[in-house]
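Only the coordinates and a few stated rules stand behind these numbers; no lab work does. Everything numeric here is computed off the predicted structure, so don't read it as measured data. Heads up, the Cβs are rebuilt from the backbone with ideal geometry, glycines too, and the neighbour counts pull from every protein chain shown.
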Amino acid sequence: MDKLRAMEVFIRIVEAGSLTRAAESLDCSLPSVVRMLAALEREVGARLLNRTTRRIHLTDDGAIYLEHCRTILAALREAEAALESRRASPQGRLAVTAPVLFGRRYVAPILNDFLAAYPSVNAELLLLDRTVDMIEEGMDLGVRIGSLPDSSSIAIPVGTLRRVVCASPQYLRKHGVPRTPASLRDHACVRFTALTPGREWHFRVRGRPFRVPVPTRLSCNQVDAAVAACMEGVGVCTFLSYQVAAAVGAKKLRHVLTGFEPEPIPVQVIYPHARPPSATVRAFVETVVSRLRSTRFV
């Protein structure tokens, strides 16, 4: 017996309300429908339908089995759609989101290469230093820095970032180098609010998390402005390592308190699991994951 076919016939009988109408909708003979239902009942060892000359009724076992049949066939259709999606060529709209500087530096070049490889794809790149609701804002996938409390998304780890503390050489000459996290209480601090929305900075001291409330000389919601203020000697600031890599390399900023850095922050590619990814999304996920995993985030 073709059990999947028998499940389809059983569901159609229930939906049609009679064996005759089910046979008509399936374009097969009434005896075939009757035989398939009888064979299914023998196979599962339970009566699924009570039949009279005019009506059919689900038994208790039939009602339970009906829901399982619907779940199984829906999963089968979804699996087949996913395979067909993999065979399809990427095309249509692709919406990607990422933090501003990380997106400019790492994600945009990958997306540009992807568009060159797939001329039928049109992309939207949304760069924001805030957490984006993927479904509400119509995003197909995103790159997120930090832990992922939202269980409505699938997350693929691609690397980690350091949280570093920096200051300009002239600031350190004038005010001294902070030797411990607690000594920051005696320093002017620049706060990049997208990374440190509160007034406490995070460290590890002797292997344990340690928080320090810092005096804020300047708070700023834009990373370039915060980095510029730090380079101009306004104060000490905490950033993610890639945000100040160029300034540190040019000796315009120096790392301090490196022995007290907190645990690295994860970088993840995320996409909603509420809907199966299209061929376009799947292809870009594979591309961006591979490229980011081979990237050294300084």
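In table form, for the structure just shown:
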| item | result |
| --- | --- |
| Angstrom value of the Kirkwood radius, inverse mean 1/r, which spans all Cα pairs in the chain | 23.8 |
| Computed FRET value (nearest 0.05) for Thr216 with Glu136, which takes r as the C-beta separation and R₀ as 25 Å | 0.20 |
| Label-to-label distance, nm, for residues given as Ala82 and Arg204 (7 Å Cα→Cβ offset) | 3.6 |
| Lys, Arg +1 and Asp, Glu -1 on Cβ, resulting dipole of the chain about Cα centre, debye, nearest 20 | 1420 |
| Full-stretch length increase - His255, Ala46 - with 0.36 nm per residue and alpha-carbon distance subtracted | 68.0 nm |
| Fully extended contour minus Cα-Cα distance, from Ile11 to Arg293, at 0.36 nm per residue | 96.9 nm |
| Mean Cβ count within 10 Å, highest first, over the residues of peptides 14-24, 230-240 | 230-240, 14-24 |
| Modelled FRET efficiency - R0 41 Å, Arg21 with His273, Cβ distances, 0.05 increments | 0.65 |
| Magnitude of the charge dipole, the stretch 139-298, Cβ model with Lys/Arg +1 and Asp/Glu -1, debye to 20 | 540 |
| Computed [θ] at 222 nm, helices only, for the chain once each DSSP H run of length n ≥ 4 contributes -39500 (n - 2.57) | -11500 deg cm²/dmol |
| Potential lengthening between Gln170 and Leu148 on full extension [0.36 nm per residue; Cα-Cα distance subtracted] | 4.1 nm |
| Net charge, Leu37 excluded, C-beta distance under 14 Å - Lys, Arg +1, Asp, Glu -1 | +2 |
| Most positive-pole-ward Cα, Thr20, Leu4, Leu40, against dipole of the stretch 3-87 from beta carbon charges | Thr20 |
| Charge dipole (the chain, unit charges on Cβ, about Cα centre) - positive-most of Ala117, Cys230, Val244 | Cys230 |
| Neighbour net charge for Ala74 - beta-carbon separation under 13 angstrom, K R +1, D E -1 | -2 |
| Cysteines, the chain, no other Cys beta-carbon under 4.7 Å | Cys28, Cys69, Cys166, Cys189, Cys220 |
| Scattering profile of the stretch 3-87 at q = 0.12, 0.14, 0.18 Å⁻¹ [log10 I(q)/I(0), Debye over alpha-carbon scatterers] | -0.37, -0.49, -0.76 |
| Whole-percent pair-distance distribution, where bins are 5 Å wide, for the alpha carbons of the stretch 211-274 | 3, 13, 23, 21, 19, 9, 5, 4, 2, 0 |
| Calculated on alpha-carbon atoms, Rg and Dmax of the stretch 84-219 in Å | 20.1, 65 |
| Between helix 3-16 and the chain: long-axis angle, C-alpha atoms, 0 to 90°, nearest 10 | 80 |
